[in-house]
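Structure first, commentary second.
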Amino acid sequence: MPYHLDGGLTDVRRITRGLVAMALCLALAGCSDDDDDNGGLGPSGSDQLPTHDDLFTALDGVVGNPPAGNGGLSLNMWATIVDRSGIVRTIAFTGDKTGDQWPGSRVISAQKANTANAFSLDGLALSTANLFTATQPGGSLFGLQESNPVNTEAAYGGNADDYGTDSDFMLGKRIGGVNVFGGGLALYDASGAIIGALGVSGDASCADHHIAWPVRHALGLDLVPAGVSATGDDNIIYDIGVDGVSAGGFGHPECSTEATTIGEGLPTTNPIGP
């Protein structure tokens, strides 16, 4: 009898431990704030954020087919939208298929969107282009680009054939990352509230910004409240002198004379506001 009793107690202990472990796992899952009713991460994004079709239409209309006229290398592009909590909501590309663009620019576009969202507010918009000088050695934001690293588990999973579609693996995940050259812009709705950001990548950094600006304009999400540029917005600033110093502290390197002309004219060709 003692033998059977000890064996029974051992079995009970094993079962109890298993039940406790299972209950703990269920409790942790239930307490997590990462899953919403739609199976995505965190809270639902603004209903003003563009759909995949909206983003593709705006991006394709600006880039052109074939791409041309943006002061860069005339390449196809990637674009990503994140919501205010940094969750990737929409990804699109130009070209006939994935691979018609730089493959690495998919994640860079998401990184730029995350950056513009992370460092813009209802009262102040900072584009990724505005961060270049400040993040260089000796700058007021030096080291920023090493913070908030890209979530590689979110970036590179899934079937590559789905990248840039409504089935892209990045959708519904927080991508993270900080990028400090042109192509990332915060998104503002008609009330002036920030609701997320747009990231564009696939060409020279100046061209990325030159494309992102009219794409945001086409989406109607450019009610920018204020910024550090001479026109009081988040436009790219070309004020780095021959000595390498930015006059205002938020300058971006020039890519070409043509690119500088396009960039400085953006508030006129695609004025911000409703």
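The values are calculated or read from the model by the stated rules, or taken from the named source; none is laboratory data. A quick note: this is a predicted structure, and the numbers were derived from the prediction, not measured. Note: ideal-geometry Cβ built from the backbone for every residue, glycine included; neighbour counts use all protein chains shown. These accessible areas exclude ligands, DNA and RNA; they are computed on the full protein's heavy atoms, side chains included. Shrake-Rupley method; radii C 1.70, N 1.55, O 1.52, S 1.80 Å.
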A68 and D96 label points (each 7 Å along its Cα→Cβ direction) are spaced in nm at 1.9 nm
Going by average Cβ density within 10 Å per residue, which order do the peptides 134-142, 104-112, 196-204 take, highest to lowest?
196-204, 104-112, 134-142
Where the accessible area of region 110-169 is counted over protein heavy atoms with a 1.4 Å probe, how much of it, in %, is carbon and sulfur?
53 percent
Say each of T51 and A190 gets a label point 7 Å from the Cα, pointing the same way as Cα to Cβ; how far apart are those two points in nm?
1.8 nm
Highest mean first, what order results for 173-179, 206-212, 92-98 on Cβ atoms within 10 Å?
206-212, 173-179, 92-98
Mind checking Rg over Rh on region 161-274, alpha carbons, Kirkwood formula for Rh?
0.99
Find the relative contact order for region 205-273 and round it to a whole percent, using C-alpha pairs within less than 8 Å whose residues are 6+ positions apart.
38 percent
Tell me, what ³J(HN,Hα) does each residue in region 126-140 have, in order and in whole Hz, if you take phi through Karplus 6.51 cos²θ - 1.76 cosθ + 1.60 with θ = phi - 60° and put x for Gly and Pro?
10, 7, 4, 4, 5, 8, 4, 5, 5, 9, 7, x, x, x, 5
Over all distinct alpha-carbon pairs, what is the Kirkwood Rh of region 109-214 in angstrom?
14.3 Å
How far apart, in nm, are two points set 7 Å out from the Cα along the Cα-to-Cβ line at S140 and at D161?
5.1 nm
Leaving out ligands and nucleic acids, and using a 1.4 Å probe, what accessible area per residue does region 98-242 come to in Å²?
36 Å²
For region 109-171: rounded, prolate or oblate by the Cα gyration tensor [a/c cutoff 1.5]:
prolate
Expected output is a single nm value to one decimal: the length gained when fully extending between L121 and D239, i.e. 0.36 nm times separation in residues minus the C-alpha distance. What is it?
40.1 nm
Cα convex hull volume per residue for region 226-274, in Å³, equals 66 Å³
